[in-house]
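Trainee: Have a look at the structure that comes next, please.
The values are calculated or read from the model by the stated rules, or taken from the named source; none is laboratory data. Only a predicted model underlies this, so the values are computations on that prediction, with no experimental measurement involved. Virtual Cβ from ideal backbone geometry, glycine too; neighbours counted across all protein chains shown. For accessibility, only protein heavy atoms count, side chains too; no ligands or nucleic acids. Shrake-Rupley method; radii C 1.70, N 1.55, O 1.52, S 1.80 Å.
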Amino acid sequence: MPPCDQPFIPYGHQLVDGDDIEAVLSVLSSAHLTTGPHVARFESEIEQKTGAFHAVAVSSGTAALHIALLAADIGPGDEVIVPAITFAATASTVLMCGATPVVVDTEKDTGLIEPKRVADAITARTRAVVAVDYAGIPCDYDALAAVIGAEDIILIADGCHSLGATYRDRPVGKLAVMTALSFHPVKLITTGEGGMVLTDDSTLATRLRRLRNHGIDRDSHQRHSTHTFEYDIVELGYNYRLSDIHCALGASQLKKLDRFIERRAEIAGQYDRFFEKQQGIAPLVIPSGRTSARHLYVIRVDATQVAGGRDRLFAQCRELGIGTNVHYKPLPRLTALAHRVRIGPGGVDNAEMLYEQILSLPIYPAMTDADVERVLGAFRHFLS
Ligand SMILES: *Cc1c(COP(=O)(O)O)cnc(C)c1O
């Protein structure tokens, strides 16, 4: 193939259109740039979309995970079970609470947390499980609920990949006690930076709203409407608020979520049809009864059947301007986490094996058929 003179195709990219730009511009000339009507509106639209009773908008997916753990009263001495294959924030937020992440293995074919390993890792100190809907596929929430059983352990979903996905006809947002979302530009919809916590529990929702706003017992609107300057800080909180500017963009993006996921599914279908016929390459499995939001399209490359394995394909893609990526390096391999996490019983062999094999291919709603054809053409060439 000739050297690459074509534009770089990233693995993920936002799709922001004229409506989104209008929505943001209109906020800039309105009365409230933050803590105004667009925040409540975006929250209520996410509630309608997911069926969650309460949505609390925050400044990032990381902030969402952090206050979800704090609202669950996670602190020093506690253990929180997390999967080995995830973005670092799933575990770093546990450390921010002073608790210990206990890293357990993932399933070979899905990359999702393995409920049996969760069961094996539960101790008297276990207070929460953070299940990650890796690549957009919901975890096996019924199995997780069964292994947690009647214990005093709270199930939190890291849904940063899975807004719009379903598990046994139940939408993400209704599958765990709390669900964290991210609106980073590569995620399903974007606010630039942003996140949200979803819950059906009104006590948790009140606590989450307080934690995102310095731990203040009443916000500026409540003070205004009750004619008082009086407020108290009743616990230590953060400034994790999301502005009206961000939320106006989010509400405009949310209208397109279904179309975005449809386009992602079309692209995934084209990849599926191609890789079906390739020896030594298999996409992640989507178990029956679940739909994926298709945040990532991950293939597993078997180096015993494909010469040079994943690393060769990654390097060759880069040469042709195709931005594949690896999601993710197992948590215990990250320098700042290695000595702070505990590895659960049985180790993380599947995650280690996946890490050698996985490659995320470009997938995003603005990706054209010509882009998809360029990726497939490249793989046809690499594998011939
Ligand atoms: C993106 C992501 C986060 C963090 O979200 P930010 O909005 O970037 O802070 C957490 N967990 C997972 C699995 C993610 O992909």
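Trainee: Would you be able to say whether some residue in region 7-29 is modelled with pLDDT under 95, open to solvent by 40 Å² or more (accessible area, probe 1.4 Å) and within 30 Å of Cys317 (Cβ to Cβ)?
Mentor: yes
Trainee: Would you mention how many residues in region 109-125 are open to solvent by 60 Å² or more (accessible area, probe 1.4 Å) and small (Gly, Ala, Ser)?
Mentor: Residues meeting the conditions: 1.
Trainee: For Ala150, which of the numbered conditions (1) without any contact (Cβ under 8 Å) to a residue 24 or more places away in the chain; (2) within 15 Å of the ligand (Cβ to nearest atom) fails to hold?
Mentor: Looking at each condition in turn, Ala150 falls short on (2).
Trainee: Next question. Could you count how many residues in region 298-313 are surrounded by 18 or more Cβ atoms within 10 Å (Cβ to Cβ) and part of a helix (DSSP H, G or I)?
Mentor: Summing the residues that are surrounded by 18 or more Cβ atoms within 10 Å (Cβ to Cβ) and part of a helix (DSSP H, G or I) in region 298-313 gives 2.
Trainee: Looking only at region 17-65, count every residue that is within 15 Å of the ligand (Cβ to nearest atom), in a helix (DSSP H, G or I) and hydroxyl-bearing (Ser, Thr, Tyr) and tell me the total.
Mentor: Residues flagged as within 15 Å of the ligand (Cβ to nearest atom), in a helix (DSSP H, G or I) and hydroxyl-bearing (Ser, Thr, Tyr) within region 17-65 amount to 1.
Trainee: Exactly one of (1) open to solvent by 60 Å² or more (accessible area, probe 1.4 Å); (2) over 19 Å from Pro138 (Cβ atoms) is unmet by Gly192. Its number?
Mentor: (1)
Trainee: Counting only residues that are in contact (Cβ under 8 Å) with a residue 60 or more places away in the chain and either part of a helix (DSSP H, G or I) or open to solvent by 30 Å² or more (accessible area, probe 1.4 Å) (or both), how many does region 90-104 have?
Mentor: Residues meeting the conditions: 5.
Trainee: What's the number of the only condition in (1) within 16 Å of the ligand (Cβ to nearest atom); (2) farther than 20 Å from Gln14 by Cα that Tyr364 fails to meet?
Mentor: Going through (1) within 16 Å of the ligand (Cβ to nearest atom); (2) farther than 20 Å from Gln14 by Cα one by one, Tyr364 breaks only (2).
Trainee: Restricting attention to region 356-384, and to residues there that are out of contact with any Phe, Trp or Tyr (no Cβ under 6 Å at 6 or more places or on another chain) and among the small types (Gly, Ala, Ser), which single residue is surrounded by the most Cβ atoms within 10 Å (Cβ to Cβ)?
Mentor: Across region 356-384, the extreme among qualifying residues is Ala378.
Trainee: Do you know which residues across region 222-240 are surrounded by fewer than 21 Cβ atoms within 10 Å (Cβ to Cβ) and touching a residue at least 24 places away in the same chain (Cβ under 8 Å)?
Mentor: Val234, Glu235, Gly237, Tyr238, Asn239, listed by residue number.
Trainee: Another question, if that's okay. If I ask for residues that are on the phi > 0 side of the Ramachandran plot and away from the ligand (no atom under 16 Å from the Cβ), which ones from region 177-223 would you list? Walk me through how you get there before you give the answer.
Mentor: Here is the first cut: in region 177-223, the ones on the phi > 0 side of the Ramachandran plot are 192, 194, 214-215.
Answer for region 177-223, where residues must be on the phi > 0 side of the Ramachandran plot and away from the ligand (no atom under 16 Å from the Cβ): His214, Gly215.
Trainee: Let me ask something else. Just give me the residues in region 314-347 being in a loop (DSSP other than H, G, I, E, B) and closer than 28 Å to Met367 by Cα, in sequence order.
Mentor: Once the filter is applied, which keeps residues that are in a loop (DSSP other than H, G, I, E, B) and closer than 28 Å to Met367 by Cα, region 314-347 yields Leu320, Gly321, Gly323, Thr324, Val326, His327, Tyr328, Lys329.
Trainee: Another one. Being more than 23 Å from the chain's Cα centre (by Cα), more than 27 Å from Ala57 (Cβ to Cβ) and not in a loop (DSSP other than H, G, I, E, B) is true for just one of Arg223, Arg273. Which residue is that? Can you show your working first?
Mentor: Working: Arg223 fails: more than 27 Å from Ala57 (Cβ to Cβ).
Sole residue among the options that is more than 23 Å from the chain's Cα centre (by Cα), more than 27 Å from Ala57 (Cβ to Cβ) and not in a loop (DSSP other than H, G, I, E, B): Arg273.
Trainee: Here's something else I'd like to know. Collect the residues in region 123-137 that are touching a Gly at 6+ places or on another chain (Cβ under 7 Å) and within 16 Å of the ligand (Cβ to nearest atom), keeping them in residue-number order.
Mentor: Of all residues in region 123-137, those touching a Gly at 6+ places or on another chain (Cβ under 7 Å) come to 125, 133-135.
Matches in region 123-137: Asp133, Tyr134, Ala135.
Trainee: May I pose another question? When only residues in region 66-89 that are in a loop (DSSP other than H, G, I, E, B) and without any contact (Cβ under 8 Å) to a residue 60 or more places away in the chain count, which is nearest to the ligand (Cβ to nearest atom)?
Mentor: Ile74
Trainee: Please verify whether region 248-259 includes one or more residues that are in contact with a strand residue (DSSP E or B) (Cβ under 7 Å, 6 or more places away or on another chain), modelled with pLDDT of 95 or more and either open to solvent by less than 30 Å² (accessible area, probe 1.4 Å) or not β-branched (Val, Ile, Thr) (or both).
Mentor: Within region 248-259 (the criterion being in contact with a strand residue (DSSP E or B) (Cβ under 7 Å, 6 or more places away or on another chain), modelled with pLDDT of 95 or more and either open to solvent by less than 30 Å² (accessible area, probe 1.4 Å) or not β-branched (Val, Ile, Thr) (or both)), the answer is no, since none of the residues qualifies.
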